[in-house]
Structure formats: structure tokens, C-alpha cells
Amino acid sequence: MNKAITDGLIFMPPAFSGGLAVWSSEDCTPGSTTYAGSPNAALVPADQDFGGCLELIKSQTTTKLRYMGDTPILPGCYIQVTARVKAMSGNLPSVRIGAWAGGAGGAAVTGVTLTGASVTLTTYGQVVTVRAIIGTGTRTGVDMAWGTSALFGHFGIDLTGLNGGVVRIDDIEIEDVTGVFHRKMMDWVDVRDYGATGDGVTDDSLAFEAADAAAFAAGQDLLVSAGTYFLNADVTIEARVRFEGTVTMPVARRLALTRSFDLPTYADAFGSEELGFRKAFQALLNFTDHDSLDLGGRRVAMTAPIDLAAAVPNKPTFSVRRVIRNGQFEAIAGPAWNPAVVTSQASYNPAQPVTLTGVVNVAAVLVGSLVTGTGVGREVYVNAVSVGAGTVTLSQPLYDAAGSQVFTFTRFRYVLDFSGFTQLDKLNLSDLELQCNGVGSAIMLPPAGNNFHVRDCYVTRPKDRGITSIGRGCQDLHVDRCQFLSNEQSLRAQDRLSIALNVNANDAKLRDNRIVRFRHFAVMAGSSHLVVGNHWFQGDSETLGVRLAGLVLTETNVNTTITGNYIDNNFIEWTNEYEADPDFGIQHSFGGLTITGNVFMATDVAPWFRWIVIKPYGTGHFVDGLTISNNVFKSINGSVDRVETVDTSFAGFDYLRMKNIWVEGNMFTAVTQATANPVVVQHSQATAAAVWTVTPGAFLPFGGWSRNVEAVVAGGAITNAAGQRQSDMPYALVTQGASKQDVTVNWAAACKGQISVKVRMDNPY
């Protein structure tokens, strides 16, 4: 860089031989005395060392020689003043480069260095060279750093020391030496050229903004050169930026890199991927220039969980779509990942179904803690804590915890923890790997929010949980094309503790995911879910091994579709464990579930294993709306007795109220007893009788009673004992026999023959 060449600027002063009217003995301000006609200055036409030069007698304490022309001072431009001097006679003075700095309106700039290093002349006739470099920025090698207030300068030399000496001075040179500081032609503007100090203490915010404005206007990059720059203000950088140095900021201050908005740049800016991500996320939620944060394929090594709300303290709620994509988060083992466990006495009243009262040491209970205790269902979390009221708000009611007891509150640690937000909508995580390493869990959702979307991600080896909802932040949750890989794959199914995800609210979509060997794939409250195209498997190598629920539905009327999935060595469990009063009352009972077109498979399981289990936690319940159709059920290395059951650990069903159940079109391999509803049962009566007992019982799903007969069709002639045709129409009676699963077909007279009876275990609509 050379402004004399590139911009035509003139730095070099004229030779002394051109006259002394442009050389002053003062500061060159208006009215300053020049050396023209001065008795102590004379031109020497032919010095043996200098040729033409100036001979000067030192007559003042500081004898000044200044060029009166305005030498421009430009940000990013550095000039060097050079003078060659020799003593001729008299006292030997000292010599240095001297200057005067001018600012706006021609006013002197104060507080800046105006002299270079001083050299004492020691021998007559010896040529001594003095130099000084002047510029706006504080750099190694710059003698006079004037900042951006100085617009021009007057330069020359000072003679100091004893008076009476005679010196000769060669023509003074002023030249652009910016190239000393820059290796090549610059496509950037350096923040130091605009006054940034990089000392880690001085607030460089204004310098950053000024340098950015210049870079953006010139279409150049902004360079943050080596150093540590403290920014005590919100700073927006409009130009492309690159960092050799780093910045520090208070937590609440924001750095927005509008044209370099990606994690690699933020990591360079803050000297760490971890801190860089926090600050980039802060910018993502505070500026509208970008809808996504690209991690650039970088790995973020995390020594502690990331509290995303703490990174954005000014945004407790946010409802504009934002995306975090394309990179990896990796948990690094350390004490910060240890769960916080609190045991505390508390009381529960079913009339306040999501509140614990009288919580001892309530301040120690952390939001997001898993709640365990007698009568507590699976995946119940602390949604809020009121220290003043001594209460804890729960994510779900408790099915049998009335009274007081000691509860355990366990706060798992999450790679990405959004629980500090009040509400967060439309956040997308895309193409990420959350490498938990058995150290921490993966994602905790905010307490409230809509349309959280996790797509094309890997949740790898979470210690406790994959995705956790502690409230309604899972409303319309989308999880698409993700892989959940357990940290417990080597354990027996019954020994695993980790859970891939849970849902509390409605309208979740779980599509095309692969989930490997967790205790449960998903524990889902709410309704209107779509579970489509997933493969979740939970087997082990144990012969006659125990299998646990893969998908757990925890409410009665679910309005949920489960279709096109591969359900491998686990079962679907349907409960009402999230009801404070689980006995049937005014609420809807079990209904609204469609299970269709799935592949159910099990290997090395005991005959009592079942793929579909309904478990009422209270009395009086029934099924009102269930379709199980067009599924494939297959057992390998042994048979299972049947595919479905009712778990009566707490209560059974009211079979007289069963309605609208369709079990049809399914295929069974190595299943001893197929089931269907309605079911067509063939009955052959070899001995004439007026009452024929038909036994469809084993075919009826869930141990249901024979509730309706839709058809009785003769499979040939019905004859009396004498072989004569009998043509009367029989009537059927249902709920017969001790099991109430039999049907009696009643004729007008004793007869024999073959019939097909279509029986239902429910009342269809």
C-alpha cells in the first residue's frame, strides 16, 4: 500500500534549495515565523555528504524545523519522516523528529506524542540519521500513534541541548511506509487503524463500529488483528469480518456479524466454539438478518451444559422461526454434568392436580427435575417452582399420591437446555449430532412453546434422556428422520433407564426416525399425535428375555395414529397414569387410537409377551374407538400366545361398555392365537340340539365378552335328528358362559348342521 502511488497524495516536502519560506521555526500554525531571511539559517549548495542542504545555528532551547505544508494523516496509512544531520562546529546538540498534530478546523490535537527518539551528536562531520513513523493506530514500530482525531501534521526536526552549535541538515523525507505493517495489498480494514487498542481493558466498541463503516463502504473485509478487544456495547458488524485477535463482552452485550454469521467466525471471535456458540445464538434471537445459525460442520466441545436462555437474557420469549444447523455438540466429561438430586417432603391433593404444596427446602428443587415417588407416573417433571409459596408445579398430575410423602427430584443435565425460556416457538434443529458420550442428556424443551422441530439429527449415547418436555413446549413437536442411539445398548432391556423422548402436549409428529435400545422410545401424553414410519427396537440377546414398552401413551382419549412403523422387540402400552383420579368418571375413557400397517416383531421372548397392552390405572374404564388393522405380527425363536392384553395390575375393563373396536386384516406368524373383532367363528353341530354353544372367546381381543352377533349363516342344510330340513330362523344370546365370551344359537327345535357366526366384543356405532 502506498497512497502516493495509489491516490496521488503528496507526502514528500520540497528540497531546501527551493527556498525556506515553507519551513518554519515554530508549529506552522497561521502567523508562524519561517526561516526565509533568518540570520541563523543558510542554504549550502554543495555539501560533500548532502549536496544541497540547510545549515542551521541552534539558538533556542528547542530549535524547531517544520515543513509548513499539511501532510495528511489517514486511517490505515503510516508515514515515515527521515532526517540526516551532522554537526559542523560549536556545541554538540541532540536531534529528533518533531511534529505538530492538527485536527478538525486546524485545531491542535492534544494528548498525543509529538516527538521521536532523540539522538545526541557526538562527532563533528559524522552523519546521523533519525526517523519516526506516524499513523493512526497503536502498532509495534509506530512512534507517534495519533488516533483518528488527527487529520494532518507538520513534520521536521528538533534540536535540543546546548545552544551555539552549527549543524547541516539534508533534505527531509516523508514517505508512505504502510507496507512495513502489511505483507501484501490489503482487502481489509484493521480495527486498530480506527483506534482499537486490543488491550482487553479499553472499550473498543466505537473503534469497531468506525472501522466497520469504512470497510463496508469500501467493500472490504474487517480485520480484527492480534489482541484482546473489550466491547462494552452492542456491536453490529456489517462488513465481512475475520479475526486474528479475540473479543470479550459482558454476557448481556451482543455481537452481530451480519455477513459472517456462522459458528466458525464466532468461535474465532471469542476464542472458543462453546462461547462462540452462546454469543452466536444470542445474536440469532436478537437480529433479523438471519433465520439460521450455520455451525459450519464444526464440533463444539462442551465442558458444561448450555443454558440457552442465560445466553439471551433479554429474550424470555421468542416466536420467530430460527434454525441451528450443520454441526456437532460433544459433551466432555466433568462435574458440571452431574445430575442434581434433591429429596423432599411434600403434599399432593388431587383437587390441585399439578401442584405439590408444603415442599420442604423448595429452593433446592430445580425446574426441569424428574419427579419420582409413590403414585407418580413416568416422565413427570418440575415445570415451575415458587419459593415464596413453597410449591412445585408439575408437568402432569399424579395418579395415586394423595397425602404427604418424600419425593425425589432429579435434574438431568442437557447439552442444549431451553428450560430457562418462558416460551419459545418455531425453533428448528437441523443436521446436528448431539454426541452425549454417556455424560449428559441431549435436549430439554422450554416450558411452553409451539412447533419445535428436530430433523435429520443424531442423538448419540444420552446418559438419561434424549428430548425432554417439562411442560407444553412440545405442542406440535416435530421429530423427523433422526437417530436416537442409546448409551445402554449392551444392557438387558429391563436394566435400561434412558428414554429417547417424552411429550406432554398435543399434535406431536414422530416420523421416519430410528431408535436403538432405550428403556422406552417415547412416553406421550396429549392427543392427536402422528407416529409414522419409525423403527424402534429394544431387544437383547437374553433367551426368553423381558421386553418393555417402546411407545407409551399415558392418556385415555388419544386421537392418535400409529402407522407404517417397525416395532421391534417391544410393545405399545396405553395407560391413564396422568390422571389425578384415574377411576372412570366424567372424562373420556380409552379411545381414538389407530394402529395400522405396522410390522411387529419379537425374538427370543417368552410366550406371555404381548405387542399391544392396555393398562387402566383406575376402575370403570372401557375402550371407545380403537382400530388395529393390516399389521404384521411375527415371533422368531419361539411362539407368543397372542398379540394383545389388558394389564390388570390396577384395574380391569368394564366389558359391557366396549364400543367401536376394529381388529381386522392382521397377519400372524408364530402367534398361537389370532384375534379379530368382529370375528367369524364356524361351528359344527353333530348331534341335534335346540341350543348350540359357539365359543369365539379366544379370538376376541383384550379378553372381551361376546357382546353382539352380526350374522348367523348356515354352511349347508340344517336338519333335524331324522335328517329333515329345518328352516326356522334362530336367535342368538351373547355374554354366555362363565367367561361371558360364549354365544348360544337357539332354534325352534333340536337340529344339527354347520353355521358361521360373526361375533363382536363391542357395540359398534
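Computed over the chain, the per-residue total of -39500 (n - 2.57) for DSSP H runs of n ≥ 4 gives a 222 nm mean residue ellipticity of -1500 deg cm²/dmol, rounded to 500.
The spacing between segment 463-478 and segment 196-272, judged by their C-alpha centroids, is 36 Å. Checking every one of the trypsin sites (Lys or Arg not before Pro) in segment 55-140 against DSSP loop status and a limit of 16 other Cβ atoms within 10 Å picks out ARG139. One chain, two ends: ALA21 and GLN345. Fully extended at 0.36 nm per residue, the span grows by 107.1 nm beyond their Cα-Cα distance. Looking at the chain, the DSSP beta bridges with both ends there are about 45 percent antiparallel. Remark: the ASN746-ILE10 segment gains 252.9 nm on full extension, using 0.36 nm per residue and subtracting the alpha carbon distance. Computed from label points 7 Å out along Cα-Cβ, the spacing between ASP728 and ASN660 is 3.9 nm. Here the calculated FRET efficiency for LEU162 and ASP49, from their Cβ-Cβ distance with R0 = 35 Å, stands at 0.90, rounded to the nearest 0.05.
Which trypsin sites (Lys or Arg not before Pro) in segment 250-345 pass both tests, a DSSP loop state and at most 14 other beta-carbon atoms within 10 Å?
Here the trypsin sites (Lys or Arg not before Pro) that fit, given the DSSP loop and packing criteria, are ARG321.
For THR122 and THR374, the difference between the fully extended length at 0.36 nm per residue and the C-alpha to C-alpha distance is 81.0 nm. Other residues whose C-beta falls under 13 angstrom from the C-beta of LYS659 contribute a net charge of 0, scoring Lys and Arg +1 and Asp and Glu -1. Using the Cβ-Cβ distance between VAL713 and ARG481 with R0 set to 60 Å, the FRET efficiency works out to roughly 0.75. What's the longest piece of the chain with no exposed GluC sites (Glu not before Pro), counting a site as exposed if DSSP puts it in a loop and it has at most 15 other beta carbons within 10 Å? With a cap of 15 other Cβ atoms within 10 Å, the longest stretch comes to 245-541. Just check segment 188-293 against the gyration tensor rule for me: Cα atoms, a ≥ b ≥ c as the square roots of the eigenvalues, rounded for a/c under 1.5, and otherwise prolate or oblate depending on whether a/b exceeds b/c. Oblate, because a/c is 1.5 or more while a/b does not exceed b/c. Within the same chain, aspartates and glutamates fewer than 8 places from LYS758 are excluded, and of the rest, those with a Cα less than 15 Å from its Cα are GLU664, GLU710, ASP742. With a threshold of 31 Å on the Cα-Cα distance, the over-threshold entries among LYS426/LYS659; LYS426/LYS463; LYS509/LYS659; LYS615/LYS740; LYS426/LYS634 are LYS426/LYS659; LYS426/LYS634.
How much FRET efficiency would the formula 1/(1 + (r/R0)^6) give for ASN557 and THR687, where r is the Cβ-Cβ distance and R0 is 45 Å, rounded to 0.05? Plugging the Cβ-Cβ distance into 1/(1 + (r/R0)^6) gives 0.40.
Evaluate the distance, in nm, between pseudo-label points positioned 7 Å from the Cα of ALA364 and of GLN494 along their respective Cα→Cβ axes. Distance between label points: 3.4 nm. Each Cα pair of the chain feeds into the Kirkwood radius, which the Stokes-Einstein equation turns, at 37 °C and 0.692 mPa s, into a diffusion coefficient of 99 µm²/s. So, counting K/R as plus one and D/E as minus one, what does the shell of residues with Cβ under 13 Å around PHE412 add up to? Once positives and negatives cancel, what remains is +1. For segment 679-760, the dipole from Cβ point charges (+1 on Lys and Arg, -1 on Asp and Glu) about the Cα centre works out to 80 debye, to the nearest 20. For segment 340-411, the equivalent ellipsoid derived from the alpha-carbon gyration tensor has semi-axes of 15, 13, 11 Å in decreasing order.
Could you give the distance between the Cα centres of segment 548-579 and segment 341-378, to the whole Å? One Cα centre to the other: 26 Å.
Taking other C-beta atoms within 10 angstrom as a stand-in for reagent exposure, CYS457, CYS436 fall in the order CYS457, CYS436, fewest first.
Over segment 616-711, consider all pairs of different Cα atoms and compute the Kirkwood hydrodynamic radius from their mean reciprocal separation; express it in Å, one decimal.
One decimal place: 15.2 Å for the Kirkwood radius.
Magnitude of the charge dipole for segment 201-244, about its Cα centre and with charges confined to Cβ atoms of Lys, Arg (+1) and Asp, Glu (-1), is about 160 debye.
Computed from the coordinates by the stated procedures, all read-outs in this text should not be read as laboratory data. Predicted model only: the values in this text are computed from it and were never measured. With ideal geometry, Cβ positions are generated from the backbone for all residues, glycine too; neighbour counts draw on all protein chains shown.
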